[in-house]
Structure formats: structure tokens, C-alpha cells
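Worksheet for the structure shown next.
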Amino acid sequence: MRLWRDRLSDERRASDHTVQAYQRDLAQFLAFLTDHQGAAPDFAMLAALKPADFRAWLAQRSRDGRAKTSTARALSTVRGFFRFLEREGLVANAAIGTVRSPRLPRQVPRPLNEAEAGEMVELAESLTDEPWVAARDVAIMLLMYGCGMRIGEVLGLTVGQVNGGRDVLVVRGKGDKERLVPLLPVVREALDDYLARRPFAGDNAQPLFVGVRGKRLQAGVVQRRFRNLRGQLGLPSTATPHAMRHSFATHLLGGGADLRTIQELLGHASLSTTQRYTDVDAENLMKIYRNAHPRA
């Protein structure tokens, strides 16, 4: 199992968070087999599993109330594990390939509209009496909304990546893939303001965004900020840090940007992932139509 985990980290370049999620999925599957078969799994047992055994595991997850998205990921994890075992010459079992993933509902991203995104940024500046913390929060918000960055990508930045007034960032995203992210002037100004106020000295290798003790800022702090903001603004629970990234893409699409450009800016490996935002834009068009048409 350790070799499998190392392969995930080294070959697939999966993040620590992703590797931990896969480990939990696999551990849950092996625990199920222990109960289901009455003994701890070994290679012989894994090789002898039938489609019905895998379906029993999926049925158990359903009875436990696991979300379909969670089960789809767990099945993908188990498939990957069996592929790994086969490549290593340890186990060959074709039964896993006959098991279908649960059908997932097509999920449309839930972005904020332009006014809501602007209000979130403005209010973030007034939630604290500490000027450097306010500047930090605004810079984080604008990197997500103005650059489409994920919260992990933002919090993973170092001082050296933004020092020097550059108007382009090199961002390391999922799968350790790098992409270029242009900085709008308003984002560049927010970063410069934060750097000027940041009270902790350090070299370019230091984390850019830090907490009040000077350590790298944790995602939970930003998420709590968002819960506070949406509560004060009366926004739904979908107004999360990731919603700012969705808003970035949706507003670009609404402004006439093409999908390929948005794909590059977001760092999506597949254009089909980016195409979800056309559904959002279509929803907005229908809202405008229904609100404006005299016969609607």
C-alpha cells in the first residue's frame, strides 16, 4: 500500500490532500472486504473477487448515505489500485472493469454575480481592525476572483513569486502543473499594498500569506472569513472561496472570452471541464430573458 501511495505522489503528482482522500477510500474498501469475506484481504482474495462483491460494496456505501460523487471517486480509487496491482504482477482481476460508476447529476457551478463578488471584496476589508490583515484578505479575494486561482494555489504562493511588481504569476496547480496567470492592475495593487503592510520579515521562499503568528495561512481561516461575509451579505452557502473562481470564469465567458482561453487561465486539463461554464451562462441568459420579455 505504501508503494501505491508513493506512485500516486511521484508519478501522478497528486497533492497530499488527494493522496489522503484516496487512502481513506481504499482503507474503507478493504475494511468492507474484511466484514464481507470474514477475513482480512490478501492477494488471493482480491484476485477472486466477483462483480457481485464490488456491487455489494457500492450498495453498502449507498445504505450508509454516502454521496454519489464520493462513491464515484472511491470506485475510481479502487480501480486505480487494481491497475497498480496488475502492473506489479501481484493481482489480476477483470471483474472491477465490469462495475459501472454511479450516474452523477450534471453539476452547474454556482458563481456570484458581479455585484455580489464586489461586495464580498469590499466587506472583507472592513472585517478586521488590523490594517495588514485587511490588506491580506483583500489580496486573497482578488487573486481568486481576478485570477481564477484555487484557494490552495493562493495560499501556496511565496513572497518571491509576487515580489518585483511583475504582472504575470507562475502558478503551480493540480498535478503539479504550471500555468501563467496575468495579474490585473487592481490585483497587482492589492498585492503591493499587502506586501507593504505585511509585518513579518522573510526571504523570498517564505509563505506569502500568513496568519497573525507569521505561519502560513490555513484554508480554514479563509473559509471562516467567507462564512462571516456571506452571513452579513445574506448570500447562500454556495458563496465559498471556490465560488470566486467560478465567478471569474463565468464573468469572463459573459464578457466574450473564448473557452480555450478560460481553460488555460483556470489550468483545466480538459476543455469539457471548462464547458460547464457555458451552462451557467445559458442560465443567466434565460433569467434575463424571463425578466425582460413582456410575455415571460
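The values are calculated or read from the model by the stated rules, or taken from the named source; none is laboratory data. Keep in mind that what you see is a predicted model, and the values were worked out from it rather than measured. With ideal geometry, Cβ positions are generated from the backbone for all residues, glycine too; neighbour counts draw on all protein chains shown.
Kindly provide the set of residues from segment 44-66 that are hydrophobic (A, V, I, L, M, F, W, C) and surrounded by 12 or more Cβ atoms within 10 Å (Cβ to Cβ), ordered by number.
Passing the criteria: Met45, Leu46, Ala47, Ala48, Leu49, Phe54, Ala56, Trp57, Leu58.
Quick one: is His246 closer than 18 Å to Arg110 by Cα, touching a helix residue (DSSP H, G or I) at 6+ places or on another chain (Cβ under 9 Å) and without any contact (Cβ under 8 Å) to a residue 60 or more places away in the chain?
no
Just the residues that are under 19 Å from His246 (Cα atoms) and either outside the structural domain of Thr238 (by TED's automatic domain parsing) or not acidic (Asp, Glu) (or both), please, taken from segment 117-127.
Ala117, Gly118, Met120, Val121, Ala124
Condition check ((1) of a type in the set (Asp, Glu); (2) farther than 30 Å from Asp193 by Cβ) across all residues:
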site: Asp35; (1), (2): yes, yes
site: Phe54; (1), (2): no, yes
site: Arg61; (1), (2): no, yes
site: Arg66; (1), (2): no, yes
site: Leu85; (1), (2): no, yes
site: Thr98; (1), (2): no, yes
site: Glu119; (1), (2): yes, no
site: Glu125; (1), (2): yes, no
site: Pro131; (1), (2): no, no
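Name the pairs: first residue in segment 127-139 and farther than 15 Å from Gln232 by Cβ and among the acidic types (Asp, Glu), second residue modelled with pLDDT under 95 and exposed (fewer than 15 other Cβ atoms within 10 Å of the Cβ), Cβ to Cβ under 9 Å, at least 6 apart or on different chains?
Within 9 Å, the pairs are Glu130/Val212.
Got a sec? Which of Arg136, Arg110 is among the basic types (Lys, Arg) and part of a helix (DSSP H, G or I)?
Arg136
For the condition of a type in the set (Gly, Ala, Ser), at pLDDT below 85 and within 23 Å of Leu169 (Cα to Cα), what is the one hit in Ala292, Ala257?
Ala257
Which numbered condition in (1) under 30 Å from Gln263 (Cβ atoms); (2) at pLDDT 90 or above is the only one that Arg198 fails?
Against the list (1) under 30 Å from Gln263 (Cβ atoms); (2) at pLDDT 90 or above, Arg198 comes up short only on (1).
Within the group Glu189, Glu125, which residue is at pLDDT 90 or above and either surrounded by fewer than 20 Cβ atoms within 10 Å (Cβ to Cβ) or within 20 Å of Ala249 (Cβ to Cβ) (or both)?
Being at pLDDT 90 or above and either surrounded by fewer than 20 Cβ atoms within 10 Å (Cβ to Cβ) or within 20 Å of Ala249 (Cβ to Cβ) (or both) holds for just one of Glu189, Glu125, which is Glu189.
Return yes or no: is Met141 modelled with pLDDT of 90 or more and in contact with a helix residue (DSSP H, G or I) (Cβ under 9 Å, 6 or more places away or on another chain)?
Criteria met by Met141.
Could you list all residues from segment 201-229 that are over 25 Å from Gly160 (Cα atoms), basic (Lys, Arg) and out of contact with any Asp or Glu (no Cβ under 9 Å at 6 or more places or on another chain)?
Passing the criteria: Arg224, Arg227.
Any residue at all in segment 204-219 that is modelled with pLDDT of 85 or more, in contact with a Gly (Cβ under 6 Å, 6 or more places away or on another chain) and exposed (fewer than 14 other Cβ atoms within 10 Å of the Cβ)?
Yes, segment 204-219 contains at least one residue that is modelled with pLDDT of 85 or more, in contact with a Gly (Cβ under 6 Å, 6 or more places away or on another chain) and exposed (fewer than 14 other Cβ atoms within 10 Å of the Cβ).
Enumerate the helices (runs of 4 or more DSSP H) found wholly within segment 1-98, keeping only those where 1 or more residues are under 27 Å from the mean Cα position of the chain (by Cα).
Answer list for segment 1-98: 2-10, 16-37, 51-63, 68-87.
Find all pairs meeting these conditions: Cβ atoms under 7 angstrom apart; at least six residues apart or on different chains; first residue within segment 159-170 and β-branched (Val, Ile, Thr); second residue part of a loop (DSSP other than H, G, I, E, B).
So the pair list comes out as Val159/Gly202; Val159/Asn204; Val159/Gln206; Val159/Leu208; Val162/Leu208; Val168/Leu183.
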